[in-house]
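For reference, the structure is listed below as structure tokens.
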Amino acid sequence: MAVIKPELSLLEKATLILSILRVLGVGLITLFTALFRGRSGSAKYGSHVKLTLLRTWLNTATVRHQQYLLPDLDVAYPAFAKERGFPPKDVTLPDGTKAYWLGSPSAEKVILWFHGGGFNLPAEPGHLTFVNSLTSPSVSALILSYTLAPHAIYPRQLQQAVELLRHVITSLHHQPESIIIGGDSAGGNIAVGILSHLLHPHPEIEPLRFEDGAKLRAAILLAPWASFRHDWPSSKNNTSKDLVTDKVGDKWSMAFLGGQKREGYNEPLAAEEGWWLGLEGVVKECLVLGGADELLADSIRELGRRFAAVHEGVTVVIAEGEWHDKPVTSSLGMGGEQDAAIRSFVKSRT
């Protein structure tokens, strides 16, 4: 189960109402102040207003508020399937974790997608819409319903992702070369964690080794949360252009880590020197993407640089004027350069 739906106390319900009122108040003010935003804000008026509203909501509401209001993937997926007119299908791992099919399970290639949300929030409608749009008669997708923080902490989410990959290889009989792993934001962190596990098996997770020099077809890392630090220039320069804040990042990363050490498995840019040597032996290609207007822009660039230093098959795309996770933020308008780059990448490799 992705979310253990919290029951709010009367006090929590009252603070939830206050949070909503605050967002509405900020929204009314922003309708006026956005006219004078200058270069510090988003280039488009409408995007600036919506980003401010979402940023205020994430800053003001608690994780319990958000998990109370948002449907988890186990609820959202059947509704999405009904809306799109296809029968819902899932796979269940030995520990009960579920992953949901988009496209035909019999397709030759499969994308394993790990959704974002800071490890704390469930997949939003845009995740299902976006991942579903990547499927074709020859390409299906599985989106993992991993357990959210704080109901489970690291390395549980990575363990679930590794076990999904193992299941697809051993039980569904896909060769690694027919598998693309991908994720956005926190899900991008999980996807990188899989690469770390393939290179250096995590001591708490069963090793996964490919036979006869096999390697994954590709890894797609959309706005990967590669660093929990805030001393990157983009963290200061993009505070009024992005949908997340340093405060929100701290709240989410603390809940995810649960007091455990920051290391290469859970924070890719905290990895020791030489950690990524051998990357070309576990994945054929990597596509690393970010928006130039997001807080994580510089850390994404650095992750791409470190990958490219050890692997010739790495492509980095930093899209001008795009905020964090733009291809899946349905409420803010999807599409854009990152979206087009992913579609082109998948189409040309499947």
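The values are calculated or read from the model by the stated rules, or taken from the named source; none is laboratory data. Here the structure is a predicted model, which is why all the values come from computation and not from measurement. When we count neighbours, we look across all protein chains shown, and the Cβ atoms used for this are built from the backbone with ideal geometry, even at glycine.
Quick notes on this structure:
- Within segment 292-342, tally of residues that are of a type in the set (D, E, K, R) and in contact with a helix residue (DSSP H, G or I) (Cβ under 8 Å, 6 or more places away or on another chain): 9
- Identity of the residue in segment 316-350, among the charged types (D, E, K, R) and surrounded by fewer than 17 Cβ atoms within 10 Å (Cβ to Cβ), that ends up farthest from Leu287 (Cα to Cα): Glu320
- Taken as a whole, segment 151-173 holds no residue that is surrounded by 19 or more Cβ atoms within 10 Å (Cβ to Cβ), hydroxyl-bearing (Ser, Thr, Tyr) and in contact with a strand residue (DSSP E or B) (Cβ under 8 Å, 6 or more places away or on another chain).
- For segment 203-216, a residue qualifies if it is surrounded by 22 or more Cβ atoms within 10 Å (Cβ to Cβ) and either within 23 Å of Glu263 (Cα to Cα) or among the basic types (Lys, Arg) (or both), but none of them does.
- Restricted to segment 101-211, the set of helices (runs of 4 or more DSSP H) holding at least 2 residues that are free of Cβ contacts under 8 Å to residues at least 24 places away in the same chain comprises 156-170.
- Selected residue (only one of Thr62, Thr56, Thr30 is within 22 Å of Thr329 (Cβ to Cβ), modelled with pLDDT of 90 or more and surrounded by 17 or more Cβ atoms within 10 Å (Cβ to Cβ)): Thr56
- Test: residue in segment 222-240 that is buried (at least 21 other Cβ atoms within 10 Å of the Cβ), within 14 Å of the chain's Cα centre (by Cα) and among the hydroxyl-bearing types (Ser, Thr, Tyr): yes
- Within segment 34-52, tally of residues that are farther than 12 Å from Gly321 by Cα, more than 24 Å from the chain's Cα centre (by Cα) and not hydroxyl-bearing (Ser, Thr, Tyr): 6
- Some residue of segment 186-203 being at pLDDT 95 or above and either among the basic types (Lys, Arg) or on the phi > 0 side of the Ramachandran plot (or both): no
- Screening Tyr68 against (1) of a type in the set (Phe, Trp, Tyr); (2) crowded, with 16+ Cβ neighbours inside 10 Å; (3) under 30 Å from Ala292 (Cα atoms) leaves a single unmet condition, (3).
- Of the residues examined, Lys82 is not one that is more than 22 Å from Ala123 (Cβ to Cβ), among the basic types (Lys, Arg) and surrounded by fewer than 17 Cβ atoms within 10 Å (Cβ to Cβ).
- Number of the condition not met by Asp95 [criteria: (1) among the acidic types (Asp, Glu); (2) within 18 Å of Ile4 (Cα to Cα); (3) assigned to a helix (DSSP H, G or I)]: (3)
- Those residues of segment 271-299 which are over 20 Å from Leu54 (Cβ atoms), in contact with a Gly (Cβ under 6 Å, 6 or more places away or on another chain) and buried (at least 22 other Cβ atoms within 10 Å of the Cβ), in sequence order: Val288
- Beta carbons closer than 8 Å, at least 6 apart along the sequence or on distinct chains, pair a first residue in segment 310-328 that is within 13 Å of Ala341 (Cβ to Cβ) and among the acidic types (Asp, Glu) with a second that is part of a loop (DSSP other than H, G, I, E, B) and modelled with pLDDT under 95 for Glu322/Gly336.
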